[in-house]
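For reference, the structure discussed in these notes is given below.
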């Protein structure tokens, strides 16, 4: 029989999963790593702040071409997108003053370049295209209307490392903490492990995940395959 407590726990688990957004493939098919869309959007928003007079609104990442997706050599997290190129869709507002003389297409090009650099060089996402839409001309750099992600990171459900795989992963430089949004920080099946974590400030997420996969596979008996899910980026331990 399902109790009220069980129902509340299930609802909370679903809400936490939805908070992550899509689980985006990081790197190539062989990298076995996924990044929460919400974490990616926050980093893109931080990068967009480098373009004066613009305010990024809603951000969405989706597969660029569904039929071009590859198959991951390791079991992916539940509902994760398959490896492949992504498309960024974003809305932005532009501050308008009497001194404004730069055409909007030029502003959009600068913003697009900054977002592309953040997504590819910093995060490690494979981006095929970026679609930007101007949704507001602002008197000052205020927030554009429409839904958007919170400016502050969502609360991470951290996990205390227990067991060889968790302790090994937590010891890798650049791992801020292990997290447990989808369940245990370390989960899996015979011959395979999924490790959920957040990366520390100043460390590239894909590089951290690659190091975690190598070290866990080398130290855990049986040399299991390893998948990594990154739920937070630029986290202060």
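The values are calculated or read from the model by the stated rules, or taken from the named source; none is laboratory data. All of these numbers come straight from a predicted model, not from anything done at the bench. Every residue, glycine among them, receives a Cβ derived from its backbone with ideal geometry; neighbour counts consider all protein chains shown.
Only one entry in 81, 26, 44 is farther than 24 Å from residue 201 by Cβ and either within 14 Å of the chain's Cα centre (by Cα) or in contact (Cβ under 8 Å) with a residue 24 or more places away in the chain (or both), namely 81. Of the residues in segment 198-234, how many are farther than 22 Å from residue 20 by Cα and touching a strand residue (DSSP E or B) at 6+ places or on another chain (Cβ under 8 Å)? Residues flagged as farther than 22 Å from residue 20 by Cα and touching a strand residue (DSSP E or B) at 6+ places or on another chain (Cβ under 8 Å) within segment 198-234 amount to 5.
Among the residues of segment 26-37, how many are at pLDDT below 95 and in contact with a helix residue (DSSP H, G or I) (Cβ under 8 Å, 6 or more places away or on another chain)? Residues that pass the stated criteria total 0. In the set (1) farther than 30 Å from residue 93 by Cβ; (2) crowded, with 17+ Cβ neighbours inside 10 Å; (3) at pLDDT 95 or above, the condition left unmet by residue 205 is number (1).
Yes or no: segment 55-66 includes at least one residue that is modelled with pLDDT under 95, part of a loop (DSSP other than H, G, I, E, B) and surrounded by 16 or more Cβ atoms within 10 Å (Cβ to Cβ). Yes, the conditions are met somewhere in segment 55-66. If you check 124, 155 for being surrounded by fewer than 18 Cβ atoms within 10 Å (Cβ to Cβ) and either modelled with pLDDT under 85 or on the phi > 0 side of the Ramachandran plot (or both), only one passes: 155.
What about residue 178, is it at pLDDT below 95 and crowded, with 18+ Cβ neighbours inside 10 Å? Steps first, answer last, please.
Details: at pLDDT below 95: no; crowded, with 18+ Cβ neighbours inside 10 Å: yes.
No; evaluated as a whole, the condition is false for this residue.
The one condition from (1) at pLDDT below 95; (2) touching a strand residue (DSSP E or B) at 6+ places or on another chain (Cβ under 8 Å) that residue 23 does not meet is (1).
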